[in-house]
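The values are calculated or read from the model by the stated rules, or taken from the named source; none is laboratory data. Worth saying up front: this structure is predicted, and the values here are computed from it rather than measured. Cβ coordinates were reconstructed from backbone atoms using ideal geometry, including for glycine residues, and neighbour counts include every protein chain displayed. Ligands, DNA and RNA are stripped out before the accessible areas are found, and what is left, the full protein with its side chains, is counted by its heavy atoms. Shrake-Rupley method; radii C 1.70, N 1.55, O 1.52, S 1.80 Å.
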Amino acid sequence: MAQADEMSSSAADSVQCPVCLKDFSPTTINQHLDLCLLGGVGDRAASSMADSSEPPLKKPRVSGGSAPASPAVNKPGTGSFSLFHSNKLKPPQPAERCGLFHSKLSPVNNNKGQKRGAVQEADPEPAAGTDTVRSQTSGSVKAPPAPSLLTLNKPLADTLRPNTLDQYFGQSQVVGEQTLIRSLLDSQEIPSLILWGPPGCGKTTLAHIIASTSKKNGTARFVSLSATSTSTNEVREVIKQAQNELRLCKRKTIMFIDEIHRFNKSQQDTFLPHVECGTVTLIGATTENPSFQVNAALLSRCRVLVLERLSVEAMGSILDRAVATLRIRVLGRELSNPEDQDQSDGHEPKISIEQKALDTIAYLCDGDARTGLNSLQLAVQAQVSLTRSSPSAQNGSAPEIVVTEEHVKEGLQRSHILYDKAGEEHYNSISALHKSMRGSQENASLYWLGRMLEGGEDPLYVARRLVRFASEDVGMADPSALPQAVSAFQACHFIGMPECEVILAQCVVYLARAAKSVEIYKAYSNVKACLRNHKGPLPPVPLHLRNAPTRLMKQLGYAKGYKYNPAFGNPVEQEYLPEELKGIDFFTWTPSDS
């Protein structure tokens, strides 16, 4: 009887291995687990991927190693770890890849109520049943009716984001057929990159194309973060996960950081050792000049790709792909696919758009694909809403909708001008204005002034720069230029925008037409160079130039020999410079390099 009780107690205390699902005693489970995990876990993970398409259940971490557990831990009825308590009713699910070692940031099967934070493993492939129309390959995919897509709450620019380089228009100088980066992307030898360009030029799209290709080939894991909402601890957690992924599964990790310039210098230092040793491949996207916003050490470990604003031709191709995918007919253009003629089920309206309307979007969006696509969506949505509320639509008929140039202009209101008052365009534009006035090009000067004011620049900032220009570049060639610029500044301060714009325009034209002289600017620059290059202590002020308000100072020789100029009818010969600088002419003097 005692022997039977002992056997039943032993069976109740057995622990099930989460890998091979066999039962072991609490005293031997640790030793077995080490052997089981190290021996063939990759093969079992690969076979589980083929057998099951479901994501793995989230498993707790295994703390501790292969060291034997203490007697207090191995007491009967407690087990070695709570992870290994027998639960034969719910055996562990097979892991996907090396799912046992995935950190708490890995995706799980049921994540309701789970806090994911700002870090997520990107899934660029559209899931089954979604309303996206992204092409899985370079071939075309039949899209649902256009109204069902254009009435979504999701922006059209994100819905139609391409997944292959064949659908990526523009930036041929960076990812063209014969470029180095294109060959590296095709061979999946992806270096660390900094993507620098204006909004809507395709930085995030290029990163997602890399993610889509890497996921399809299984060569790398892709993690997407945003510097606006990610903490340093979350970055360290992803890096730790990347180290485990590389060590256990021999798979690289590509980390995409959007708006990387939002990280300060110390936060950017977190990436340095891991980018250096290849633990992660960093792809950072920024609209700011990386020379000023990215650490020099991190910049030297990455290749900077400069993406330009999209040309009108590239924007036309993007809009053509959008209307073709949404099956919107372009008036005056032959249909490439006759099946697209019938795009309505009898209840939804048939949508057409003028070619001139597409051209207007391409010209007015200023090379921003996001603005162009979302403007197209806004114009079509507005016409669809008006048509559905019309009496003809309520009677059950399917009216036709024609989107015209006027509809597009009404949605855009005005040209989308790329201008950042605190960024690269701010300094580029004021430099262009300054150099245009210096070159006496009044038309160019007015153009750059308009670019700045229409982009939202502070008029007082422009006025201050004009005051500086009046002295630096006009100088003594036209002494009236400085009062003109100061008066323009005061007028802008009095009345503000938009009334002061014509005052600034008048001042800009005056300065552009004025004669130019930089002798004052150069002479004072020579004075500064003379002071910087002087060896030893600076020479004292000559005694005859000093005031002598006290008797002691007069006894010391202050003001002795000074000739009061108004007391003489002719020019006075008198030295005003220190003895060391006697006879120097700063207007012609050239500082020495020594």
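Note on the stretch 239-294: with neighbouring protein chains present and a 1.4 Å probe, carbon and sulfur make up 47 percent of its accessible heavy-atom surface.
In this rough spin-label picture, where each label sits 7 Å from Cα along the Cβ direction, the Ser525-Arg546 distance is 3.6 nm.
Let's see if you can work this out: charge +1 on each Lys and Arg Cβ, -1 on each Asp and Glu Cβ, no other charges. What is the dipole magnitude of the stretch 258-312 about its Cα centre, in debye to the nearest 20?
Roughly 80 debye for the stretch 258-312.
Taking all Cα-Cα distances within the stretch 188-254, those exceeding 20 Å account for 37%. Between the beta carbons of Ser385 and Ala477, assuming R0 = 56 Å, the FRET efficiency works out to 0.35 to the nearest 0.05. The label-point distance for Asn565 and Lys435, in a model that sets each label 7 Å from Cα toward Cβ, rounds to 4.1 nm. Per-residue SASA remark: Thr27, around 100 Å² accessible (1.4 Å probe; ligands, DNA and RNA not included). Checking the cross-link pairs Lys216/Lys252; Lys216/Lys250; Lys435/Lys516; Lys203/Lys252 against a 19 Å limit on the alpha carbon distance flags Lys203/Lys252 as lying beyond it. By accessible area, using a 1.4 Å probe on protein heavy atoms only, the stretch 509-594 has 57% of its surface on carbon and sulfur.
Summary of packing: across the peptides 249-257, 400-408, the per-residue average of other C-beta atoms within 10 Å ranks them, highest first, as 249-257, 400-408.
Accessible area per residue was computed with a 1.4 Å probe on protein heavy atoms; Tyr524 scores about 140 Å². Exceeding 22 Å between C-alpha atoms, which entries from my cross-link table qualify? They are Lys356/Lys409; Lys560/Lys582; Lys528/Lys563. Flagged as over cut-off: Lys528/Lys563. Take the stretch 234-303 with all the other protein chains still there, run a 1.4 Å probe, and you get 44 Å² of accessible area per residue. Here the Kirkwood formula, the inverse mean of 1/r across different C-alpha pairs, assigns the stretch 155-301 a hydrodynamic radius of 15.8 Å.
How do 579-586, 455-462, 467-474, 272-279 rank on mean C-beta neighbours within 10 Å, highest first?
467-474, 455-462, 272-279, 579-586
Probing with 1.4 Å while keeping every protein chain in the model, the per residue accessible area of the stretch 507-561 equals 71 Å².
Take Arg464, project a point 7 Å from its Cα along the Cβ direction, then tell me which residues of the stretch 489-509 have their backbone nitrogen under 15 Å from it. Within reach of a label on Arg464, which here means backbone N under 15 Å from a point 7 Å along Cα→Cβ, the stretch 489-509 contributes 489-490, 492-493.
Note on the stretch 526-594: Cα convex hull, mean projected area over all directions, 6.5 nm². Packing, taken as the mean count of other beta carbons within 10 Å per residue, orders the peptides 526-533, 324-331, 547-554, 205-212 from highest to lowest as 205-212, 324-331, 526-533, 547-554.
Can you give me the % of accessible surface on the stretch 446-501 that is carbon or sulfur? Probe 1.4 Å, all protein chains present, nothing else counted. Ligands and nucleic acids excluded, carbon and sulfur reach 59 percent.
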